[in-house]
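Undergrad: Have a look at the structure that comes next, please.
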Amino acid sequence: MSAPFRLASGGLIDRGKPLSFSFDGKTYNGFAGDTLASALIANGVKLVSRSFKYHRPRGILTAGSEEPNALVELRSGARREPNTRATVTELYDGLVAASQNRWPSLALDVSGINDLLSPFLAAGFYYKTFMWPAKFWEALYEPLIRRAAGLGRVAGAEDPDTYEKAFAHCDVLVIGAGPAGLMAALAAGRAGARVILADEDFRLGGRLLAERHEIDGRPGAAWAAGIEAELSAMPEVRIMHRTTVLGVYDHGQYSAVERVNDHVATPPIHEPRQRSWKIVAKRAVLAAGALERPIAFGNNDRPGVMLAGAARAYINRYAATPGKRLAVFTNNDDGWRTAADARTAGIEVVAVVDSRAAKSELSKLGFSTMSNSRVSHVDGKQGVRAIDVVGANGRATRIECDALAVSGGWNPAVHLTCHLGGKPVWNDEIAAFVPGTRPPAMYAAGATNGAFTLSRCLTGGIAAGAMAAGDCGFDFTPITQPRADDEPAAVTPLWHVKESRAKAFVDFQNDVTAKDIALAHQEGFGSVEHLKRYTTLGMATDQGKTANVTGLAILAEASGRAIPQVGTTTYRPPYVPVSFGAMAGHHRGRDFRPIRLPPSHAWATEQGAVFMETGAWLRAQYYPRAGETDWLQSVNREVAATRASVGVCDVSTFGKVAFEGPDAAAFLDRVCANTLSTLPVGKARYALMLREDGFVQDDGTVARLGPEYFVMTSTTANAPRMMQHLEFCHQVLWPALDVGMVSVSEQWAQFAVAGPRSRDVLCKLIDADIANAAFPYLGAREVSFGGVSARLFRLSFSGELAYELAVPARYGDAVIRAIMAAGAEFAITPYGIEALGVMRTEKGHVAGQEMNGQLTARDLGLGRMMSTRKDYIGRVMAQRPALLDPERPAFVGLRPVERSARLRAGAHFIPVGAAATIENDEGYMTSVAFSPTFGHWIGLGVLKRGPERIGQRVRAYDPVRNGDVEVEVCSPHFFDPEGARLHA
Amino acid sequence: MPDAVLQARSPLHGLARSGHHGRAGPAGLTIVERTDIAFASVIARRGQRDALASAVRASFGLALPDGPRRVGKDGVAFAGIGPGQWIASGENAGDLAASLRERIGAFAAVADQSDSRLVLHLSGARVRDALVKGVPIDLHPRAFKTGDVASTLVAHVGVQIDMLDDAPVFQLTAPRSMAGSFWSWLTASAAEFGYDVATK
C-alpha cells in the first residue's frame, strides 16, 4: 500500500487525505495536493509514455506546464481527454489515466522498433522516404505514419460537460504568483488598484512551493500563504487560481483559461469544466518565472532523467523522490541545490557532475563532485541504471544511480512579451533570452525578467507592481521588502555533450536530437524558422518550451554564429494547449449562434412545420400533413390551396425601416432607382435599390403612411446590410437631409394573406372598408385589429389578390391564430417559404437568386424602373457601356420542351446543337421550381438577347449534376401576366 | 366584425418559468421579465437638438443626456444610444409613442418600439458574476455607474444595458426575435449562482 518513493515527512501534500487513482488499469494511492505526476513518482512509476516518433520509453521530465513527455489520456468514456500533462493534473479520488501512443502495452510497445529504424527516420524523413510513388502518400504512407506517430485518442463522443467564456477588467493584471508576482499584486493592491492575479497552479507561490527558501524567516510556502491571505482580504484584488494566461493582444487584451473543475472527476451541476477569459487590463506585470532546460547527451530521455528543478519540486513540495540514489548533472549553481535538498530529505546523492572548470562555491557542501565533467551516456532502458561521466582527461567513469537530475540553466518565460511582435534579447550573464521590446502596457518582473535570485525577484515585483498601479493613477504606498537571500546562480552554458554515443535529445516531444539539428544545418536549413519546419523542433503541445533555446544554440554552434545572430522562432498564443470546448463556451449546438424566431414560431411548431434557416432566422419551410410523403407534395398542396382559395405566410422576417421627416421622400428618391416622392399617402410601391456600381442591391416596398412618414421593407437576408447602407447614406453622404430613420423590424409581426378569398378572411377581422374600391391594389393604411392598431398593405408577392397585415409583435401569435380561425371556412392553408418561392417564380418576381450582385436592373427586365428624372445611387455606373451592351444576358422564363424534365438552377444556356464550351455560353438559370399550377418545372434565368428570343429553344446544360435539358424561352411571367388577380 | 381581444405574448412565452432555478439555496440573482414598459426611439430633427431638449425638459422635467446616460423621472426615462438618438421608455405609459409625438414630435422622429425587445431587470448579489459570462464591457462600480447606458454585443446578440440603481439593478434589452437564444445564454450563465425568475 505505501508508496515506495514517498518521503516519510515533509511536502505540501495533505497526508490526512489519501486518494486512490489508476494508471493503465493499475490502482495506486496518492494524497490531496499531489499531481498525477508526483503521485506516479511517489509510487515508483517511472515509465509513463512512449515518444512520438521512435516510441522510446519516457518518464517525467518537468514539474510544470512545459512538460513534453508525460502526456496521458485522462478520464474515460466521453470525458476522455488526450495529451493531458500529468505534471499539471491535480490528483483527485478515482482519477483514471492511461498512457498513449503504445501497443499492446506501455512496457511492450511493438513500435519501439522505430528506435532501431531510426537511421531512416531522421529529420525530414517524410520528405525523402515517402516521395515515390506520389499517389501512395494519401492512400498509404500518411495513414501509416499517422497511426504510428501519435498522441492520444479523442473521446469520439460529445463532451458531456459545459464550458464558458467570460470577461474581466482590471487596472493591473499580474501573471504568475511566484515571489515577484505576489509582491507586484501586493504593491498594486495596496495602492488601491483593481488587480487580477492569475496563476496556473492550484496553489500560489510559484517556485517558493518547490524550494526551501525562507522569506522573513518563514518557509517560502508559508510566506506566500500569508501574502495570499492579505490579497484575498482586499476587495479590489481578484485571485484566479488554475488560470493560465495564454496570449497578449492589442489594446491591453489578454486571453486566459481557467480550469474550474478539471481537478474533480465530474464538475458539480451548473458549473463549467473550464472557462475561457478575455481580460482587459490597463497594465500587466508578467511574472511567469523561468523554465529549466535540459542538456543534450546520450540517452538523456530515459525515464528517471529529470530536470533538476523538477526533482527539487517533487522532493520538497510533494515529498516524492525520483530515485533512491540520485546523481546531478549541472552547468550552473542552481543544480547544486537539488543535491543539497535531496540530501536534506534523506536521499543519497551519489555524485554532482558540474561541466564548469571553476569550482562552484557550492562545492564546499561536501558532495562527491566531478567538475569539468559531463554526463555522456545513460545506461538503462525503462529506467536509469548508471551514467557515464567524461572528465577533463576524456576518460569515462561509470556511476551507478537510479535517477539523474539535469540542469542546463534557466530560460525566462518571455513568451507573453513576444506575442505582439517583440523579440527577446540575449543576456550573456544568465546565458538566456530576456524580454526585449515588451508590449506597450506590460512590465516584466522576477525570473521572467532575468532576475534569478529570490531577493531580486521580490525587489522587481514591488517595483513593477508600483509602476503599473502608478500608471493607472494610484499613489504608491512604500512596501518594506521582505528579507531574503540572493542565492548563487552562476551559469556557464553547455548545450550538447559531444562525447555522446547514443541519441542526445533536444526536443523530447518531437524526438529531435542534436544530430538532427546538425543534419538540418548540413542540408541548408540554417534559419531557425526553417530548422523548426524541417525537424519539427518546437512544435506540438509543449511548443518546445524546454527545447527551443537549446536547439537554436546547437544550430548556432553548427553554423559558427552567435546565439543572438540565430535568433528565436516566433512566439504565438496560446502559451499552453487550450481545449476547443473552452474556446466555444456556451456557443455549441443550437447555441452556436443566435437564432431569430418569427412571432408565429410557436404556432408553426404546433402545426408540425418543417423549419429552415434563412440568415439567422428559422422560418417555416413547409407544413407537411398526414399522408404526405415528401416535401414537394406538401408544397404543391400549399400553392394550389392558396391559388384556389387563401393561404397565409409569416413575413415578419423582412427588414422594416421607418423614415420620418421633411426630407424623407427626397432621401428615398436618392436611395432607390425609382421615384418614391410621388407616392401618395396611403399607397405602397415596389422599390429597387442599386449599389454604387450600378448593380442591383436589394428590392422591397415603400409605403407612405403620412406626408413625411414612410415604411420600407427589404428582403430577409439583406435586412441588416440594408440598414447599414441606409445609415451610411444618411450619416456620411447626405447628413444635411432632415430625416430620421430607425429599424422597426422587431416591432412588427407581419403576415401575408394571399389568394382569391383573402379579402373575405380579413373582412372578418378588421374594422375597415377594404373593398376593392376603397382599398385598391397597392393601398396602405392603418386599421384596427381587435382593438390593436395595425397596418394593412395590399401587396402581393404570390401574384394573387393579397394583403400584408402588420401588428405589434406581442400580438403576432394571437393574430396568426385569429387569421386561421377566420379563414377556416375558406380552408385557409398556411404556406412556407418553399411555396412562397414557387409562387413568386410562377409570377416572375426576382428574389435573392436574381439579386446576386452580378445582374443589373436592365438585366432583370427592371430597366424601366430606373428613373431618368432624378439622381440616385448607382445611376451613373449603371450607364457604363458594358452594362448597356444588348448582348448581355437578360431576364426570361424557361420551360422544358419535354415537359416531364426537371430543371436545375445554375444550368448554363448553350445554343441547341452547339458544343458545351465557354465560348458558346449564353447565360444561366437563376431559379427553378416545380409549378403545380402548370404541372411541370419552370425556370427563370438570364439569356443573351433573351427577350428577343421568346419561343426559341436552348440547351440548359448542367455538367455538375449531369443535366442537359432542352428548354423553351418564354416570358418570365408565367402566371397571370396581365395581373388581373392582383387587382381583383 | 371582429370583437376578439387579442392575447399578448411576452418574448419569453413558454421559455421562462417563474420560480427558483439552477443551484439550490438563496438565489444569486433575480430575473424579472418586464412587459409593462413601453419604448420608443427618438431621433432629433436636423438642427433641433436644443429645441428637443427644451421640450423634453418642459414636458417631462428631464435633461436630455448627451452620450450613453439615462435620465428618468416618474417612470419616464430617456437613454442616449447615439448622437441625437435616444430610447425613451415609460412604465405603464400606455401609448408612449403617441404621447411623445404629441409633446416633442415637432423636434424629433418618434417610432414605437414597445414590442421590439425582450426587457429584463436583473438584480442580486451575483448579478455581475453572471453577466461577465457574456457582457464584454466593464460593469465594475468604478466603471459603470447608475444611469450609465451601453449598447454592446452579448453572446452575439445586440443588447442595451442600463444601470438603474446602485442595488444594483441592470436593465437588459435584446431583440424580441432573439429572446430564446439570449435566454439560453443568460440562464446557463446564472445557473451556477441560482436564480429566481419573476414576471411583472
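Undergrad: How many angstrom lie between the C-alpha centres of region A:928-942 and region A:210-224?
TA: First find each Cα centre; the distance between them is then 83 Å.
Undergrad: Between A:G844, A:A504, A:A166, whose Cα lies farthest towards the positive end of the dipole of chain A when Lys and Arg beta carbons carry +1 and Asp and Glu beta carbons carry -1, centred on the Cα centre?
TA: Among A:G844, A:A504, A:A166, the one farthest towards the positive end of the dipole of chain A is A:A504.
Undergrad: What do you get for the angle between helix A:719-728 and the principal long axis of chain A? Use alpha-carbon atoms, 0 to 90 degrees, nearest ten.
TA: The answer is roughly 90 degrees.
Undergrad: Please work out the C-alpha center-to-center distance from region B:120-183 to region A:717-767 and express it in whole Å.
TA: Spelled out, the Cα-based centre of one part sits 29 Å from the other.
Undergrad: A further question on this structure: Roughly how tilted is helix A:631-644, in degrees to the nearest 10 and between 0 and 90, from the longest Cα axis of chain A?
TA: Once rounded, the angle reads 30 degrees.
Undergrad: Further, regarding this structure: With 23 Å as the limit, write out which pairs from A:K282/A:K545; A:K46/A:K515; A:K278/A:K532; A:K381/A:K503 have Cα-Cα distances beyond it, or answer none.
TA: A:K282/A:K545; A:K46/A:K515; A:K278/A:K532
Undergrad: A further question on this structure: Mind checking the full-extension length gain between A:R961 and A:D767? Use 0.36 nm per residue of separation minus the Cα-Cα distance, one decimal, nm.
TA: Difference between extended and current length: 64.5 nm.
Undergrad: Moving on to the next point. Explain nothing, just compute: Karplus ³J(HN,Hα) = 6.51 cos²θ - 1.76 cosθ + 1.60, θ = phi - 60°, for every residue of region A:312-328 in order, whole Hz, x for Gly and Pro.
TA: Values per residue, Gly and Pro as x: 5, 4, 5, 5, 7, 8, 10, 6, 10, 9, x, x, 9, 10, 9, 10, 10 Hz.
Undergrad: A further question follows. How much accessible surface area, in Å² rounded to 10, belongs to the heavy atoms of A:W223 with a 1.4 Å probe?
TA: 10 Å²
Undergrad: Could you pull out every residue, at least 5 positions away or on a different chain, whose amide H is within less than 5 Å of the one on A:H213? Hs are placed 1.01 Å off N in the peptide plane, and Pro or chain starts have none.
TA: Excluding prolines and chain starts, which carry no amide H, the hits are A:G220.
Undergrad: Treating the angle as unsigned and between 0 and 90°, give the value, to the nearest 10°, between the Cα long axis of helix A:812-823 and the longest Cα principal axis of chain A.
TA: 40 degrees
Undergrad: Rank-order A:199-207, A:511-519, A:911-919 by packing density, defined as the average count of other C-beta atoms within 10 Å over each peptide's residues, highest first.
TA: A:511-519, A:199-207, A:911-919
Undergrad: Moving to a separate point now. Rounded to the nearest 100 Å², what is the sum over both chains of accessible area buried where B meets A, with a probe of 1.4 Å?
TA: Interface area, both chains combined: 4300 Å², rounded to the nearest 100.
Undergrad: What is the distance in Å between the Cα centres of region A:304-339 and region A:229-283?
TA: Centre-to-centre (Cα) distance: 31 Å.
Undergrad: Using label points projected 7 Å from each Cα along Cα→Cβ, tell me how many nm separate A:T480 and A:Q565, to one decimal.
TA: 5.3 nm
Undergrad: Let me ask something else. Give me the percent of the accessible area of the protein assembly as shown that comes from carbon and sulfur atoms, probe 1.4 Å, all protein chains in place.
TA: Taking all protein chains in place, the protein assembly as shown shows 54 percent carbon and sulfur surface.
Undergrad: A further question on this structure: Need the per-residue list for region B:42-56: every residue with at least 30 Å² less accessible surface in the complex of protein chains than in the chain by itself, probe 1.4 Å, sorted by number.
TA: Those residues are B:I43, B:R45, B:R46.
Undergrad: With the cut-off at 1.5 for a/c, could you classify region A:332-396 from its C-alpha gyration tensor as rounded, prolate or oblate?
TA: Oblate, since a/c reaches 1.5 and b/c is not below a/b.
Undergrad: Would you jot down the residues in region A:584-598 that end up with at least 10 Å² less accessible area in the complete protein assembly than in the chain alone, with a 1.4 Å probe?
TA: Output list: A:H586, A:H587, A:D591, A:P594, A:I595, A:R596, A:L597.
Undergrad: Now, a different point. Using a loss threshold of 10 Å², tell me which positions in region B:83-119 are less accessible in the complex than in their chain alone. Probe radius 1.4 Å, ligands and nucleic acids ignored.
TA: In region B:83-119, residues shielded by partner chains: B:Q85, B:R101, B:A109, B:V110, B:A111, B:D112, B:Q113, B:S114, B:D115, B:S116.
Undergrad: Please compute the per residue accessible area over chain A with all protein chains in place, 1.4 Å probe, rounded to a whole number of Å².
TA: 38 Å²
The values are calculated or read from the model by the stated rules, or taken from the named source; none is laboratory data. A quick note: this is a predicted structure, and the numbers were derived from the prediction, not measured. Neighbour counts are summed over all protein chains in view; Cβ atoms, including those assigned to glycine, are modelled from backbone coordinates with ideal geometry. Side chains included, ligands, DNA and RNA excluded: accessible areas come from the protein's heavy atoms. Shrake-Rupley method; radii C 1.70, N 1.55, O 1.52, S 1.80 Å.
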